[in-house]
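What follows draws every value from the coordinates through simple rules; no lab data is involved. The structure displayed is predicted, hence computed values, not measured ones. Cβ sites come from the backbone with ideal geometry, for glycine too, and all protein chains shown count toward neighbours.
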Amino acid sequence: MSETTPPPEGDKPEGDKKKKGCGCAAIVLVVLVIAAIAGGGDGDKAASPGDATSQSVQVETQDQATETPTATATAATSSPKPVKAVAAANASGTAKKGTAAASGVAKKGTAAAALAELPVKGRAPKTGYSRDQFGQAWADVDRNGCDTRNDILRRDLVNKSYEAGTGDCKVLSGDLPDPYTGRNIRFQRGPHSSAVQIDHVVALSNAWQTGAQKLSSDSREAFANDPLNLLAVDGPTNEAKGDGDAATWLPSNKRFRCSYVARQVAVKKKYHLWVTSAEHDAIAGILSGCPGQTLPTSAAIPAVKAHANAPHSKKPAVTHKANRRTAPAKRHSATSEATKRHKKSGSKEKGGSSGRTVHGGAFCSSEGSQGVSKSGTTLTCKVAKDGRLRWKK
């Protein structure tokens with residue numbers, strides 16, 4: 001009986017070899033996967049936020065390299081959304097902070113703080129308004145011997161010259177650094193003196209419609225002659241402004257706008273006037289660009305030359321030792337001369353229409369007095385459109 005000798009070990013069939021090889025490879029792969037999972041878990045626990053971000057970026061990069069074009073496009077489209085949302089949230093937060101800062105308590109002494117205190121109401125009817133409601137035009141309310149117009153010219157003009165004998169009161173010429181246009185304007189008293197005009201920063205009719213009609217006549221006269229509310233400006237620009245408020249008119253010189261609206265606020269606060277909603281918003285808009293703009297409280301008028309000598313500043317003489325009563329201080333020469341001129345012209349005009357010949361449109365000095373033109377027409381001394389007293393029908 002013949003025996004079949006088994007083949008040597010190295011001569012086993014190839015099928016068996018392949019089966020064994022695959023099994024070993026599978027075992028090794030499983031071991032590696034388990035080790036990787038265990039190692040990855042420990043690594044995540046110890047990883048810092050920066051490492052996690054770096055790994056996330058690497059995984060995103062690998063995923064983008066292996067994903068289909070459609071998936072890549074979808075990821076590219078959707079990934080910026082969180083960034084936009086954060087940016088929008090930040091912008092919203094910044095806007096809220098800005099709004100809170102703007103609507104918060106403004107610094108004391110600023111125009112913005114004063115604006116917040118002004119009442120906001122609708123404009124009242126203009127019924128009953130006339131220039132006469134604010135007293136005599138350019139009255140000498142401070143009793144310094146100069147009318148208000150000359151006071152403002154003396155304050156705002158440079159390189160001035162004066163009429164002799166007026167105590168540096170009556171301005172004959174000068175240069176105006178115009179705040180409304182930023183230009184330099186030459187003033188020369190005479191036919192072209194209207195090139196420089198005196199503007200009421202808060203117009204009289206605007207004041208009338210925002211509370212001035214409730215003021216006393218004396219308060220309205222003070223308002224119309226208050227240096228705080230008056231500026232020497234370019235004539236045509238003043239005429240273009242009319243009675244506009246901040247909502248309808250602002251100076252073309254943008255550098256002056258903060259000062260301009262701050263002065264309007266100061267005047268309205270001083271005389272207890274209100275602002276309209278549109279006016280309030282316009283002023284607030286300007287002041288938002290200059291939140292530290294201070295509120296002007298005065299606009300002093302320089303003293304006339306006669307005041308510099310101040311004869312009445314000396315100690316008054318004692319007229320009676322028993323009761324120590326003092327004699328009234330002597331008035332300065334400029335005031336005395338102005339008073340004499342006024343009385344002289346007034347005495348002529350008080351004669352009414354009897355024999356006094358006047359010319360229509362000419363200047364007059366005593367409001368309400370009457371005269372007769374050459375044609376026999378009775379004329380009355382009234383305030384004209386330019387704010388000065390003239391003979392009119």
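Table for the structure above
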| item | result |
| --- | --- |
| The stretch 218-314: trypsin sites (Lys or Arg not before Pro) in DSSP coil with no more than 13 other Cβ atoms inside 10 Å | 314 |
| Full-extension gain in nm, residue 382 to residue 155, via 0.36 nm per residue minus C-alpha separation | 79.0 nm |
| Fully extended contour minus Cα-Cα distance, from residue 164 to residue 392, at 0.36 nm per residue | 79.0 nm |
| Listed residue pairs exceeding 29 Å between alpha carbons, taken from 170/374; 108/305; 108/170; 126/393; 126/270 | 170/374; 108/305; 108/170 |
| Amide H within-cut-off set for residue 379, under 5 Å, with H built and near neighbours excluded | 371, 372, 373 |
| Sequence of 27, 301, 283 once ranked by neighbouring C-beta atoms within 10 Å, starting from the fewest | 27, 301, 283 |
| Exposure proxy ranking, count of Cβ atoms within 10 Å, fewest first, for 163, 221 | 163, 221 |
| Label point distance in nm, residue 126-residue 290, each placed 7 Å from Cα along Cα→Cβ | 2.9 nm |
| Karplus-derived HN-Hα couplings along the stretch 292-302 (A = 6.51, B = -1.76, C = 1.60, θ = phi - 60°), whole Hz, x at Gly and Pro | x, 4, 6, 8, x, 10, 7, 9, 4, 9, x |
| Cα point-scatterer Debye curve for the stretch 107-224, base-10 log of I(q)/I(0) at q = 0.15 Å⁻¹ | -0.88 |
| Least to most buried among 134, 256, 223 (fewest other Cβ within 10 Å first) | 256, 223, 134 |
